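K.L.:
So that we are looking at the same thing, I have put the structure below in structure tokens.
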Amino acid sequence: MSLNDTPRGERMHIAVFGRRNAGKSSVINALGGQETSIVSPVSGTTTDPVYQPMELLPVGPVVLIDTAGLDDSGNLGEQRIRKTNQVLTKTDLALLVIDALHGVDKFEQNLLRNLSDKKVPVILLLNKIDLLKDHGNGAEHTAVAAKVEEQLHLKPIIFSALRNTGVTELKAAMVRELPRDEDRFRLVGDLLHPGDLAVLVVPIDKAAPKGRLILPQQQTIRDIMECDAVAVVTKEQELGHTLKTLGRKPNVVITDSQAFLKVQADTPKDIPLTSFSILFARYKGDLPQLVRGVRAIERLRDGDRVLIAEACTHHRQSDDIASVKIPRWLRELTGRQLQIEHAAGSDFPAGLGLYSLIIHCGACMLNRKAMLQRLEEAEHAGVPIVNYGVFIAYVQGVFPRAIEMFPSAMLAWEEGGR
């Protein structure tokens, strides 16, 4: 997988916020070294958020998000502001751009407070300093920067996209604020040691492009390799034969959720067993919360509303997991007449409090920040939430074996049954 193929959900998200015409798009272009965002003296040029992938060493692949000005007005402006606010839910690092000619007022103070409430680290940029009179000694720049620091209690980087001033300092600050790879959560690598053996059970998925593995499988294999462990890939029909011919017991078997029942039957009980989707539940969100959510299935009653949420849109197959299989399994398990609704895309629907349960996809297209925001919204609305992998393991009777290797998840399961 090349840099440009790195999925957006695996990139750190760096969003640029500020007033209209503060120079946000120019900052994006200066960082990327090319004109990827439209720059114009007309306020409100940027409408929808624009996503630009780039490489930031030594952090790795990131995505820069150019947002519309949060001081926009009118009906269209309100829509732009709403979309910009949605970006906050997935932002790992914010660049707050301040127009040096305009300075700071309540708008910037409120925006900084909002970012702080969401625990988003912020880098201040004092942009357009080329328009200030510096008399050749930078005194004006220094004075304006000192005033901004006094008002926002954060030291700004003196920046000029036009003169390429401050770009090096900004990149260095971004590297300091973003977590390094070794500090980030691992998919499965933190559970394995060099030389360990992991067997991956991979059915041929009809929804995957011909000749390719689906994204969670690719990422799991890569994570296993990066911790110097060994990955063996097999289909569910070949698992029994594979285990017999390995010559040693694997440290873990990881399966596609839909093959859980057969894989459990063919995997000796002394071998840890889990699924790609459960690994993603842990990697992208809060596995104990999702395990607690599965207990809500037992409490469903006739007429209850259940939301099946997917983070991306795709062509649905005849046996689609979201629209066909999960509704069937849910009705067969509960015997209830349920109202099952669907939502797909990057926005979580409003009115979550109307639902008795949310069943969420594996979130391979969301970054961790966005998935945690969704979990927080569900918790705030008082609605239990579970993901596909946890749900399928429960429905197929693979609980609690599927989570035994995760102590915090096991504790949540045991506490929920008391």
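The values are calculated or read from the model by the stated rules, or taken from the named source; none is laboratory data. Since we're looking at a predicted model, the values are computed, not measured. Counting neighbours? That spans all protein chains shown, and the Cβs are built from the backbone with ideal geometry, glycine included. Ligands, DNA and RNA are stripped out before the accessible areas are found, and what is left, the full protein with its side chains, is counted by its heavy atoms. Shrake-Rupley method; radii C 1.70, N 1.55, O 1.52, S 1.80 Å.
K.L.:
Can you name the residue in segment 243-257 that is open to solvent by 10 Å² or more (accessible area, probe 1.4 Å) and in contact with an Asp or Glu (Cβ under 9 Å, 6 or more places away or on another chain) and, of all such residues, is nearest to Gln396 (Cα to Cα)?
P.N.:
This residue is Asp256.
K.L.:
Suppose the filter is open to solvent by 50 Å² or more (accessible area, probe 1.4 Å), over 24 Å from Gly345 (Cβ atoms) and touching a strand residue (DSSP E or B) at 6+ places or on another chain (Cβ under 9 Å); does Arg292 pass it?
P.N.:
Here the answer is yes, as Arg292 does meet what is asked.
K.L.:
Quick one: is Ile123 at pLDDT 90 or above and surrounded by 14 or more Cβ atoms within 10 Å (Cβ to Cβ)?
P.N.:
Working: at pLDDT 90 or above: yes; surrounded by 14 or more Cβ atoms within 10 Å (Cβ to Cβ): yes.
Yes, satisfied.
K.L.:
When you go through Gly335, Gly353 one by one, which is the residue that is of a type in the set (Gly, Ala, Ser), under 19 Å from Asp302 (Cβ atoms) and surrounded by fewer than 19 Cβ atoms within 10 Å (Cβ to Cβ)?
P.N.:
Numbers: Gly353 fails: under 19 Å from Asp302 (Cβ atoms).
Gly335 is the lone residue from the list that is of a type in the set (Gly, Ala, Ser), under 19 Å from Asp302 (Cβ atoms) and surrounded by fewer than 19 Cβ atoms within 10 Å (Cβ to Cβ).
K.L.:
Any chance segment 96-104 includes a residue that's modelled with pLDDT of 85 or more, touching a helix residue (DSSP H, G or I) at 6+ places or on another chain (Cβ under 6 Å) and assigned to a helix (DSSP H, G or I)?
P.N.:
The answer is no, given that none of the residues of segment 96-104 is modelled with pLDDT of 85 or more, touching a helix residue (DSSP H, G or I) at 6+ places or on another chain (Cβ under 6 Å) and assigned to a helix (DSSP H, G or I).
K.L.:
Among the numbered criteria (1) at pLDDT below 90; (2) within 30 Å of Thr267 (Cα to Cα); (3) basic (Lys, Arg), which single criterion is violated by Arg222?
P.N.:
Evaluating Arg222 over (1) at pLDDT below 90; (2) within 30 Å of Thr267 (Cα to Cα); (3) basic (Lys, Arg) leaves (1) as the failure.
K.L.:
How many of the residues in segment 105-128 are among the hydrophobic types (A, V, I, L, M, F, W, C) and not in a helix (DSSP H, G or I)?
P.N.:
Residues of segment 105-128 that are among the hydrophobic types (A, V, I, L, M, F, W, C), as a first pass: 107, 111-112, 115, 120, 122-126.
If we keep only those that are not in a helix (DSSP H, G or I) as well, we get 120, 122-126.
Residues meeting the conditions: 6.
K.L.:
Test Val386 against the criterion of being crowded, with 19+ Cβ neighbours inside 10 Å and either at negative phi or in contact with a Cys (Cβ under 8 Å, 6 or more places away or on another chain) (or both), and give yes or no.
P.N.:
Values: crowded, with 19+ Cβ neighbours inside 10 Å: yes; either at negative phi or in contact with a Cys (Cβ under 8 Å, 6 or more places away or on another chain) (or both): yes.
The answer is yes for Val386.
K.L.:
Could you tell me which residue of segment 270-286 is nearest to Glu236 (Cα to Cα), considering only residues that are open to solvent by less than 20 Å² (accessible area, probe 1.4 Å) and out of contact with any Ser or Thr (no Cβ under 7 Å at 6 or more places or on another chain)?
P.N.:
Thr274
Quick grid of which residues meet (1) modelled with pLDDT under 95; (2) surrounded by 14 or more Cβ atoms within 10 Å (Cβ to Cβ):
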{"position": "Pro209", "(1), (2)": "yes, no"}
{"position": "Ala231", "(1), (2)": "no, yes"}
{"position": "His241", "(1), (2)": "no, no"}
{"position": "Phe260", "(1), (2)": "yes, yes"}
{"position": "Pro268", "(1), (2)": "no, no"}
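K.L.:
Same structure again: Just to verify a result, which residue in segment 361-405, among those that are part of a loop (DSSP other than H, G, I, E, B) and in contact with a Leu (Cβ under 6 Å, 6 or more places away or on another chain), is farthest from Leu88 (Cα to Cα)? Break it down into steps so the answer makes sense when it comes.
P.N.:
Initially, segment 361-405 is screened for residues part of a loop (DSSP other than H, G, I, E, B), giving 361-367, 381-384, 396-400, 404-405.
Then drop every residue that is not in contact with a Leu (Cβ under 6 Å, 6 or more places away or on another chain), which leaves 364, 381, 383-384, 396.
Values: Cys364: 19, Ala381: 19, Val383: 22, Pro384: 23, Gln396: 37 Å.
Step by step, filter segment 361-405, then rank; the result is Gln396.
K.L.:
Give all pairs with beta carbons closer than 8 Å in which a residue from segment 214-240 that is farther than 13 Å from Val201 by Cβ meets a residue that is open to solvent by 40 Å² or more (accessible area, probe 1.4 Å) and modelled with pLDDT of 90 or more; count only pairs at least 6 apart in sequence or on separate chains.
P.N.:
Here the result reads Ile224/Val230; Cys227/His193; Cys227/Pro194; Asp228/Pro194; Ala229/His193; Ala229/Pro194; Ala229/Asn251, each pair linking segment 214-240 to a residue that is open to solvent by 40 Å² or more (accessible area, probe 1.4 Å) and modelled with pLDDT of 90 or more.
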